[in-house]
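Heads up, the thing below is written out as structure tokens.
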Amino acid sequence: MGLIEGWYTGKMNLRQPYPSRSLSEMKQYKNYLMDMDGVLVRGKTAIAGAQRFIDALNDGGHKYLVLTNNPMYTPRDLAHRLQTTGLQVASDRIFTSAIATARFMQ
């Protein structure tokens, strides 16, 4: 496993979470984009540390979006899905491929 300027470059061990970084290191970044499936949740289960990360973003006043390439559901539906796994993400923080397509077509 290796890091190059903060980017993960090694093979992921799905049985262990990504090596944690200190919350103070998070302060250097202002905005975060993260995928939903495989990053915050795997199937119907929240990934270890996901809510702690979301809480740190909220507590630190960071802007962030949870991204998904699933166009079938609205952000409200997806926020509910995340809630059933124990993750609290507001629907206005979820950006789907359907939203991206609609904005592109305007």
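Computed from the coordinates by the stated procedures, all read-outs in this text should not be read as laboratory data. On a predicted model such as this, the values are computed, not experimentally measured, just so you know. FYI the Cβ positions are ideal-geometry reconstructions off the backbone, even for glycines, and counts take in every protein chain you see.
If a residue must be within 13 Å of the chain's Cα centre (by Cα) and surrounded by fewer than 18 Cβ atoms within 10 Å (Cβ to Cβ), how many such residues does segment 48-61 contain?
So the first thing to find is which residues in segment 48-61 are within 13 Å of the chain's Cα centre (by Cα), and the list is 48-58.
When the remaining residues are screened for being surrounded by fewer than 18 Cβ atoms within 10 Å (Cβ to Cβ), the result is 48-49, 51-52, 55-56, 58.
So the answer is 7.
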*Only one of these is buried (at least 18 other Cβ atoms within 10 Å of the Cβ), touching a residue at least 24 places away in the same chain (Cβ under 8 Å) and of a type outside the set (A, V, I, L, M, F, W, C): PRO75, PRO71. Name it.*
PRO75
_Return the residues of segment 49-98 that are more than 23 Å from LYS30 (Cα to Cα) and outside any helix (DSSP H, G or I); say none if nothing qualifies._
ASN69, ASN70, PRO71, MET72, TYR73, THR74, THR85, GLY86
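Test ILE99 against the stated conditions and say whether it is among the hydrophobic types (A, V, I, L, M, F, W, C) and over 15 Å from the mean Cα position of the chain (by Cα). Steps first, answer last, please.
Values: among the hydrophobic types (A, V, I, L, M, F, W, C): yes; over 15 Å from the mean Cα position of the chain (by Cα): yes.
Yes, satisfied.
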